[in-house]
Amino acid sequence: IELKRLRKGGATIGFVPTMGALHQGHISLLKTAQKRSKITVCSIFVNPTQFNDPADFEKYPITLNRDIEMLVDAGCDILYLPSVKEMYPDGFKQNNPINFGFLAETLEGEHRPGHFAGMAQVVEKLLRMVKPHMLFMGLKDYQQQLIVGELIRKRRFKTQLVALPTLREKDGLAMSSRNVRLDEAARKTAVQLSQTLSWLKKKLETRNSELGTVEREAAEKLKSNPAIELEYLQIRNANTLALPKTKKEKLVALVAAKIGGVRLIDNMLL
């Protein structure tokens, strides 16, 4: 009701959807939203339908009191904190789901079946409730923001997606809510993901290297560490995630690995 009133008064609404366990990456999205819109809305909802592994859902860090403090300190205007019952009053079944095809079946889709269907389901519900002018997301979940862009197009939402660069720790590790689950040894190892992506990027810039060769070398670097359980390291077209035919395309390198029992993802535009 409050948002309806604000919208009627001509206020632009910027929206940052989260699953809580907030970190500076989330806050940087909020700060950009504040610069570009009059009213900022942040949602915290740990969405059960996007976890294909029940154990992962149970271990997801919940830090609500700290999250609220961070949002207050950052000057967020409205916190939307729905319950599972509010989001799914009729159960989890999806009516008229979008088929995202290859975009949702490759990479993360192969390793986390059903994840993107659940993610798209909840983002659609949130967009219908908040009706924001702008939706702010980080590029760390690269495939996710491509799918959200497709969702906005297919459902004809009047919302602009603003995708912002990944925020990193001083040593290069991509900020993630899951990082709090890394022990000291795993935390040190995790840096190798971003280091390998940087190495790959440099290698492609400095030499006339074949994409496939560099991709294989980068994967081998990670596989050589027994503490890293590599799921994939791939170079793809940055717009479609198709396998690239030439180095002239806009490219992205994406990686997923388990380290110390925690699944981490990262990517780098090339």
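From the phi of every residue in segment 221-229, what ³J(HN,Hα) in whole Hz does the Karplus formula 6.51 cos²θ - 1.76 cosθ + 1.60 yield, where θ is phi - 60° and glycine or proline is x?
Couplings: 4, 6, 5, 5, 9, x, 7, 10, 9 Hz.
What is segment 144-270 by shape, rounded, prolate or oblate, if you read a ≥ b ≥ c off the alpha carbon gyration tensor as root eigenvalues and call it rounded for a/c under 1.5, prolate for a/b larger than b/c, and oblate otherwise?
On the way: a/c = 2.09, a/b = 1.19, b/c = 1.76.
Taking the square roots of the gyration eigenvalues as a ≥ b ≥ c, segment 144-270 is oblate.
Could you size up the charge dipole of the chain around its Cα centre, putting +1 on the beta carbon of Lys and Arg and -1 on that of Asp and Glu, and report it in debye to the nearest 20?
Working: 42 positive and 29 negative charges, 237 e Å.
Here the size comes out at about 1140 debye.
For the chain, what proportion of DSSP beta bridges, expressed in % and rounded to the nearest 5, is antiparallel? Write out the running numbers ahead of the final one.
Values: 18 of 34 bridges.
Rounded to the nearest five, the antiparallel share is 55 percent.
Specify the angular offset, from 0 to 90 degrees and rounded to the nearest 10, of the alpha carbon long axis of helix 64-74 from the longest principal axis of the alpha carbons in the chain.
Tilt of helix 64-74: around 80 degrees.
Please find, in a Gaussian network model of the chain (springs between Cα atoms separated by less than 10 Å), the residue of Ala163, Ala238, Ala74 whose mean-square fluctuation is greatest.
In the Gaussian network model the winner is Ala74.
Taking a label point 7 Å from the Cα of Gln24 along the Cα→Cβ vector, which residues of segment 40-67 have an amide N closer than 19 Å to it?
Answer for this model: 66-67.
Once you've got the GNM for the chain with C-alpha springs shorter than 10 Å, pick whichever of Gly101, Gly172, Gly118 has the biggest mean-square fluctuation.
Of the options given, Gly101 has the highest mean-square fluctuation.
Would you compute, from DSSP H runs of 4+ residues alone, the mean residue ellipticity of the chain at 222 nm, taking -39500 (n - 2.57) per run and dividing by the full residue count, rounded to the nearest 500?
Details: 11 runs with 114 residues, N = 270.
Mean residue ellipticity, 222 nm, calculated: -12500 deg cm²/dmol.
Taking springs between alpha-carbon atoms closer than 10 angstrom, which of Ala227, Ala55, Ala104 fluctuates most in the Gaussian network model of the chain?
Ala55
Can you find, among Pro132, His26, Tyr60, the residue farthest towards the positive end of the dipole of segment 1-148? Put +1 on the C-beta of Lys and Arg, -1 on that of Asp and Glu.
Positive-end residue among those listed: Pro132.
Using only Cα atoms, find the angle between the long axis of helix 184-206 and the longest principal axis of the chain, and express it within 0 to 90 degrees, rounded to the nearest 10.
Tilt relative to the chain: about 70 degrees.
State the percentage of accessible surface on segment 14-55 attributable to carbon and sulfur atoms; use a 1.4 Å probe and exclude ligands, DNA and RNA. Working shown, then result.
Working: 780 of 1440 Å².
Carbon-and-sulfur percentage of accessible area, whole number: 54.
Counting only protein heavy atoms and using a 1.4 Å probe, what share of the accessible area of segment 155-215 belongs to carbon plus sulfur, as a whole percent? Write down the numbers at each step before the final one.
Details: 1730 of 3610 Å².
That fraction is 48 percent.
Find the accessible area per residue for the chain; the probe is 1.4 Å, ligands and nucleic acids are left out, and the unit is Å². Intermediate results must be reported in sequence, preceding the final value.
Working: 13840 Å² over 270 residues.
Result: 51 Å² of accessible area for each residue.
The values are calculated or read from the model by the stated rules, or taken from the named source; none is laboratory data. Predicted model only: the values in this text are computed from it and were never measured. Counting neighbours? That spans all protein chains shown, and the Cβs are built from the backbone with ideal geometry, glycine included. These area figures cover heavy atoms from the full protein model, side chains too; ligands, DNA and RNA do not enter into them. Shrake-Rupley method; radii C 1.70, N 1.55, O 1.52, S 1.80 Å.
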